[in-house]
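See below for the structure under consideration.
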Amino acid sequence: MKKRKKIKTIAIFCGSKLGASAIYEKEVSTMANLLSNNGFNIIYGGGRIGLMGVLYKIYTKLNTKIVGIIPSFLNKPEIRQKNLKTLQVVSSLHQRKVLMIKKADIFIILPGGFGTLDELFEILTLNQLSLYNKPVIIFNISNYWKNLKLLIKTMQKEGFLCKQDIDDIIWINNNKNLIRILNTFS
C-alpha cells in the first residue's frame, strides 16, 4: 500500500435524508462542530438537505471551509448548498465520487442510503487494490451499520475478502472516538 499522508481534507459520505431517528441529526451536528473546532476541512455531496444539510449549515455558521461537489442534475436551488462559490458542479454522480475520492485524505461514512453505500464500497475497493491508502471511518451512529459489519465479516469468513481488507476499516460509535482517531492521523 501507498504511504498515508497527513489529514487536510475529510470527505464525508452521508444521506440526503435525515433518517427516522433524531439521533442521526444530533450526532452529525455534534460531529460537525467538533470537526470544525479542530480545523478539519470538509468535502461532501453539495446538498443542503438531509444529513448533508446538517454538515453544511454548521460549517457555514462556524465559517469553516466546506466544499460541495454536486452533479448537474441535482444542481437545483432546493437541493444544493446556498454558497455557490464553494460548490463545484460536475456532470455525473460518478464524476462527483471520483473527485471526492481524489481530493480527500480520509473518509467518514455516516448513515445513508444506496449512494452512501456506493461511495463507501468504491473507496474500500480502491484501497483493497492498493490504488489508494486512505483511511475509512464508518461512524456507526445508534448501531446503524451493524448489519453491514456483519455482512463484511461474513464475506471474509466465506473467503471473499482477506482479513487485511476488513482490518483497515475503522469502526467508531461516538464522536469522542472519532476525534481521537482523527488525531492519530494528524
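The values are calculated or read from the model by the stated rules, or taken from the named source; none is laboratory data. None of the values given here were measured: they were computed from a predicted structure. As a convention, Cβ positions derive from the backbone with ideal geometry for all residues, glycine included, and neighbour counts pool all protein chains shown.
For the stretch 105-129: of the residues being of a type in the set (V, I, T), in contact (Cβ under 8 Å) with a residue 12 or more places away in the chain and part of a helix (DSSP H, G or I), which is farthest from F13 (Cα to Cα)? Of everything passing the filter in the stretch 105-129, I123 is farthest from F13 (Cα to Cα). In the stretch 9-30, the condition of being farther than 18 Å from I141 by Cβ, of a type in the set (S, T, N, Q) and over 14 Å from the mean Cα position of the chain (by Cα) is met by no residue. When R96 is tested against (1) surrounded by fewer than 16 Cβ atoms within 10 Å (Cβ to Cβ); (2) of a type in the set (K, R); (3) at pLDDT 95 or above, only condition (1) is not met. Scanning the stretch 123-134 turns up no residue that is of a type in the set (F, W, Y) and more than 20 Å from L182 (Cα to Cα). Residues that are surrounded by 14 or more Cβ atoms within 10 Å (Cβ to Cβ), at pLDDT 95 or above and out of contact with any Phe, Trp or Tyr (no Cβ under 7 Å at 6 or more places or on another chain) within the stretch 61-74 comprise V67, I69, I70, P71, L74, listed in sequence order.
Residue by residue, here is whether (1) assigned to a helix (DSSP H, G or I); (2) of a type in the set (S, T, N, Q); (3) under 17 Å from the mean Cα position of the chain (by Cα); (4) modelled with pLDDT of 95 or more holds:
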{"position": "L151", "(1), (2), (3), (4)": "yes, no, no, yes"}
{"position": "Q156", "(1), (2), (3), (4)": "yes, yes, no, yes"}
{"position": "F160", "(1), (2), (3), (4)": "no, no, no, yes"}
{"position": "Q164", "(1), (2), (3), (4)": "yes, yes, no, no"}
{"position": "W171", "(1), (2), (3), (4)": "no, no, yes, yes"}
{"position": "N177", "(1), (2), (3), (4)": "yes, yes, yes, no"}
{"position": "L182", "(1), (2), (3), (4)": "yes, no, yes, no"}
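Taking the numbered list (1) in a helix (DSSP H, G or I); (2) within 15 Å of the chain's Cα centre (by Cα) in turn, K85 passes all entries but (2).
For the stretch 163-184, the set of residues classified as out of contact with any helix residue (DSSP H, G or I) (no Cβ under 7 Å at 6 or more places or on another chain) and farther than 19 Å from F13 by Cα consists of Q164, D167, K176, R180, N183, T184, listed by residue number.
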